[in-house]
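What follows is one structure encoded as structure tokens, with my remarks underneath.
The values are calculated or read from the model by the stated rules, or taken from the named source; none is laboratory data. Just so we're clear, the structure is a prediction, and the values are computed from it rather than from any experiment. Cβ placement follows ideal geometry from the backbone for every residue including glycine, while neighbour counts extend to all protein chains displayed.
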Amino acid sequence: MNTGLQLQTMVNDRFRILRQLGQGTLGRTYLAEDAHRFNDSCILQEFAPDVHDALALKKTEELFQRKAQILYTLDHPQIPRFRELFSCQQGEKITLFLVQDYVQGLTYRQKLQQRLEEGKAFTETEIQPFLLEVLPVLDYLHQKGIIHRDITPDNIICRQADNLPILIDFGSVKQLSTIANTYFKQPELLTTKMIQVGQPGYAPQEQIEQGIVSASSDLYGLAATAYVLLTGKEPLQLQDRQSLSGNFTSELSISDHFSHILLKMLARNPSDRYSSAQEVIQVLTQSPPQPLTPPTLVVKSAIMPQTSLPKVTLSPKQNTEQNMTVTSSKNSPITGCLGKLFLLLMLILGSGAMGWWAGKLWISQILNAQENSQPTSVFSEEPSTPNISDQELERKTEIRTRRRQLGLDHSWFIAVVDELFWDKYPSQRNKILSNDKEDASWRNKWDETANQVLDSLESLSSDSLKNLGSYTQSQRTIWKQKANNLYLSSRALYDLADGRFFAAFPDQENRNFIDEPIGQIWNAMIGDTIAALQAGDNYERIGIKLQQEGTIQRRKQLESGQGNAYVANLNADQTIRVKLEGDRNLLLSIYSPTGNNNILEDSSTHQWSGELIESGYYEFTVVSKNKKTINYELSITIID
């Protein structure tokens with residue numbers, strides 16, 4: 001019995017066998033070295049079906065070649081790239097071989113085994129981003145009329161370079177070739193009857209029993225995979241005779257929103273499932289409905305002292321908004337809008353007797369009381385002289401107005417300004433600022449910090465502003481996928497976002513700020529960066545022109561913190577020369593397709609030439625750290 005190629009065997013005088021990875025219905029899979037590409041690792045698939053009938057052998061060979069043809073048409077950063085199909089003399093016969101890129105990393109089956117050895121499985125907060133990273137790959141395949149048919153934890157690799165899930169093993173892939181000419185005109189023909197294929201538990205009933213597949217078949221497999229990763233148990237361990245959903249909810253501790261999505265993906269009837277990957281993405285990224293809670297209006301009592309002047313003690317948070325609650329030995333509640341207006345009128349009238357300085361302070365307090373229903377400060381009845389000037393009150397009113405115009409959450413904004421203020425003036429950390437003269441300069445510095453934050457936020461789009469305070473890892477996962485669809489990695493995306501963020505907040509560089517309140521601004525800038533990339537404002541695919549013309553040159557102008565990204569599909573063994581001319585504060589990055597052989601990263605080195613050792617999409621980013629507007633010229637040349 002032929003057990004496969006021996007280790008160190010040279011195939012076609014080029015591919016050295018390192019080890020056998022597995023064996024399927026069509027043949028064996030090996031990890032090999034490509035001697036023509038500096039011994040770069042690759043996947044070599046040998047056509048070696050376990051059939052002896054001549055007709056069956058012919059049919060399986062057609063399937064193998066069709067698989068190669070399908071892989072040749074795929075061009076997605078989360079699908080291993082097809083390299084070539086060739087035949088050569090191997091032993092006593094001519095054998096077909098297929099070559100693909102090698103993806104370094106663990107399958108999700110292996111990652112789950114590691115978790116189970118530690119006594120745990122995956123969590124909902126991990127699986128939701130996982131689904132959002134796999135679904136766009138399925139959507140890409142389905143849009144091309146291709147059904148994978150074998151979505152399991154074994155067929156998804158977590159790529160070591162960037163932790164993205166990579167879809168592998170297209171041995172069961174089915175291109176709807178019988179209707180390929182009509183598919184793009186009639187998408188409803190996506191469902192057709194085919195030969196039985198798929199793993200029980202991961203494939204829906206109609207696929208296993210009748211060979212009928214559709215886009216929802218892959219969605220079923222993905223949901224079953226999620227179930228396995230969440231529970232550590234195989235679907236068939238708890239599956240009833242109808243569908244996996246029979247005992248699904250009893251096995252998982254997940255939110256109702258997420259449970260509903262998975263159950264719908266696992267519905268027995270295909271028409272009851274989501275019809276497309278895009279539909280699942282939409283419901284996953286929507287916030288679950290929140291229960292309605294009747295609003296409660298709380299108005300604190302506010303009696304003006306008759307014999308003494310108030311003394312106010314403010315923290316940085318409280319000082320900006322002057323949200324205060326006044327207490328007296330004779331408190332009387334005044335409730336409702338009429339009560340507030342009446343009190344305001346009495347304060348205005350009373351200010352004539354008490355003096356403008358008292359009326360000004362009290363009016364400011366009542367106007368802002370709605371922003372905070374909890375006591376933030378207490379007036380003392382000890383005699384004192386308020387030292388908040390008209391100029392300071394006007395300054396604080398302007399800050400409040402600007403914040404409200406931007407629609408910023410009050411608590412989040414205060415937290416950001418406090419942290420930046422304390423970072424800049426460590427001696428004031430967690431200290432309380434009073435309204436006395438000795439703290440006037442510190443209050444002024446706090447207000448300067450607040451205005452700097454507002455200045456940086458005014459450049460954000462309205463869509464990004466409205467989500468400040470609520471960005472999560474799941475949202476970043478969506479953005480990374482959108483970048484991947486442009487053949488950009490998260491490295492290039494973050495280069496552009498970092499440039500803008502550090503231009504506004506230079507002290508945050510080399511700090512772990514993502515989970516801090518200010519990290520929300522960085523997230524918002526990523527959202528704006530993705531929108532600009534998709535619009536082509538700072539993004540260009542230059543591969544075709546570069547291959548045709550040999551050299552491309554781009555002359556651009558950048559504001560402080562701005563950047564541009566370029567993508568080129570290049571081949572291993574090509575020699576290129578990259579030159580960036582311009583200000584020394586320009587940063588140049590050149591990233592390889594897998595990220596394993598990056599050439600430059602945030603580098604002030606503006607020249608590089610050499611031979612490429614990978615094939616695929618190379619990324620070039622140029623980011624300005626200059627505080628002024630500058631020009632640059634980027635030239636990339638393929639050297640024959």
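List the number of the failed condition for Ser253; all other conditions in (1) of a type outside the set (A, V, I, L, M, F, W, C); (2) assigned to a helix (DSSP H, G or I); (3) at pLDDT 55 or above hold.
That leaves (2) as the condition not met.
How many residues does segment 573-599 hold that are part of a loop (DSSP other than H, G, I, E, B), more than 29 Å from the chain's Cα centre (by Cα), of a type outside the set (Asp, Glu) and more than 24 Å from Ser41 (Cβ to Cβ)? Break it down into steps so the answer makes sense when it comes.
Here is the first cut: in segment 573-599, the residues part of a loop (DSSP other than H, G, I, E, B) are 573-574, 583-585, 592-599.
Narrowing further to those that are more than 29 Å from the chain's Cα centre (by Cα): 573-574, 583-584.
Pick out the ones that are also of a type outside the set (Asp, Glu) and you get 574, 584.
Add one more test, that the residue is more than 24 Å from Ser41 (Cβ to Cβ), and what stays is 584.
Total satisfying the criteria: 1.
Of the conditions (1) surrounded by fewer than 21 Cβ atoms within 10 Å (Cβ to Cβ); (2) touching a helix residue (DSSP H, G or I) at 6+ places or on another chain (Cβ under 9 Å); (3) at pLDDT below 90, Val213 clears all except one; give me its number.
(1)
Which residue, of Leu141, Leu131, Leu85, Leu96, is more than 23 Å from Thr231 (Cβ to Cβ) and assigned by TED's automatic domain parsing to the domain that holds Leu222? Spell out how you get there, then give the answer.
Working: Leu131 fails: more than 23 Å from Thr231 (Cβ to Cβ); Leu85 fails: assigned by TED's automatic domain parsing to the domain that holds Leu222; Leu96 fails: assigned by TED's automatic domain parsing to the domain that holds Leu222.
Checking each option against the conditions leaves just Leu141.
Can you pull out the strands (runs of 3 or more DSSP E) entirely within segment 507-572 that have at least 1 residues that are in contact with a Gly (Cβ under 9 Å, 6 or more places away or on another chain)? Explain how you work it out, then say what you get.
Numbers: elements: 539-541, 551-558, 563-570.
Fully inside segment 507-572 and qualifying: 551-558, 563-570.
Could you go through segment 151-158 and let me know if any residue there is touching a Lys or Arg at 6+ places or on another chain (Cβ under 7 Å), part of a helix (DSSP H, G or I) and either modelled with pLDDT under 90 or within 22 Å of Gln100 (Cα to Cα) (or both).
Taking every residue of segment 151-158 in turn, at least one turns out to be touching a Lys or Arg at 6+ places or on another chain (Cβ under 7 Å), part of a helix (DSSP H, G or I) and either modelled with pLDDT under 90 or within 22 Å of Gln100 (Cα to Cα) (or both).
Within segment 600-620, restricting attention to residues that are of a type in the set (A, V, I, L, M, F, W, C) and either under 24 Å from the mean Cα position of the chain (by Cα) or surrounded by fewer than 14 Cβ atoms within 10 Å (Cβ to Cβ) (or both), which residue is farthest from Gln160 (Cα to Cα)?
From segment 600-620, those of a type in the set (A, V, I, L, M, F, W, C) are 600, 608, 612-613, 620; that's our starting set.
Still in the running and either under 24 Å from the mean Cα position of the chain (by Cα) or surrounded by fewer than 14 Cβ atoms within 10 Å (Cβ to Cβ) (or both): 600, 620.
Values: Leu600: 20, Phe620: 22 Å.
Checking each candidate, the answer is Phe620.
Taking the criterion of being at negative phi, modelled with pLDDT of 85 or more and assigned by TED's automatic domain parsing to the domain that holds Tyr202, would at least one residue in segment 170-187 satisfy it? Can you show your working first?
Filtering segment 170-187 for residues at negative phi gives 170-187.
Filter once more, keeping what is modelled with pLDDT of 85 or more: none.
So far as segment 170-187 goes, no, none of its residues is at negative phi, modelled with pLDDT of 85 or more and assigned by TED's automatic domain parsing to the domain that holds Tyr202.
Let me confirm something: among Pro80, Pro49, which residue is in contact with a strand residue (DSSP E or B) (Cβ under 9 Å, 6 or more places away or on another chain), assigned to a loop (DSSP other than H, G, I, E, B), surrounded by fewer than 19 Cβ atoms within 10 Å (Cβ to Cβ) and touching a residue at least 24 places away in the same chain (Cβ under 8 Å)?
Working: Pro80 fails: surrounded by fewer than 19 Cβ atoms within 10 Å (Cβ to Cβ).
Of the residues listed, the single one that is in contact with a strand residue (DSSP E or B) (Cβ under 9 Å, 6 or more places away or on another chain), assigned to a loop (DSSP other than H, G, I, E, B), surrounded by fewer than 19 Cβ atoms within 10 Å (Cβ to Cβ) and touching a residue at least 24 places away in the same chain (Cβ under 8 Å) is Pro49.
Output yes when any residue across segment 505-527 is in contact (Cβ under 8 Å) with a residue 60 or more places away in the chain, over 26 Å from Asn597 (Cα atoms) and in the same structural domain as Thr605 (by TED's automatic domain parsing), and no when none is.
Keep residues of segment 505-527 that are in contact (Cβ under 8 Å) with a residue 60 or more places away in the chain, which gives 505, 507, 516-518, 520-521, 524-525, 527.
So of that shortlist, the ones also over 26 Å from Asn597 (Cα atoms) come out as 505, 507, 516-518, 520-521, 524-525, 527.
Applying the additional criterion that residues be in the same structural domain as Thr605 (by TED's automatic domain parsing) yields none.
Looking for residues that are in contact (Cβ under 8 Å) with a residue 60 or more places away in the chain, over 26 Å from Asn597 (Cα atoms) and in the same structural domain as Thr605 (by TED's automatic domain parsing), one finds none in segment 505-527, hence no.
May I ask you to verify whether Glu438 is closer than 23 Å to Trp522 by Cα and either part of a helix (DSSP H, G or I) or modelled with pLDDT of 50 or more (or both)? Walk me through how you get there before you give the answer.
On the way: closer than 23 Å to Trp522 by Cα: no; either part of a helix (DSSP H, G or I) or modelled with pLDDT of 50 or more (or both): yes.
No.
To keep it simple, each residue is scored yes or no on (1) surrounded by fewer than 14 Cβ atoms within 10 Å (Cβ to Cβ); (2) of a type in the set (D, E, K, R).
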| position | (1), (2) |
| --- | --- |
| Ile414 | no, no |
| Glu419 | no, yes |
| Asp423 | no, yes |
| Ser427 | yes, no |
| Asp436 | no, yes |
| Asn444 | yes, no |
| Leu457 | no, no |
| Gln475 | no, no |
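Which numbered condition trips up Ser87, out of (1) buried (at least 17 other Cβ atoms within 10 Å of the Cβ); (2) assigned to a strand (DSSP E or B)?
(1)
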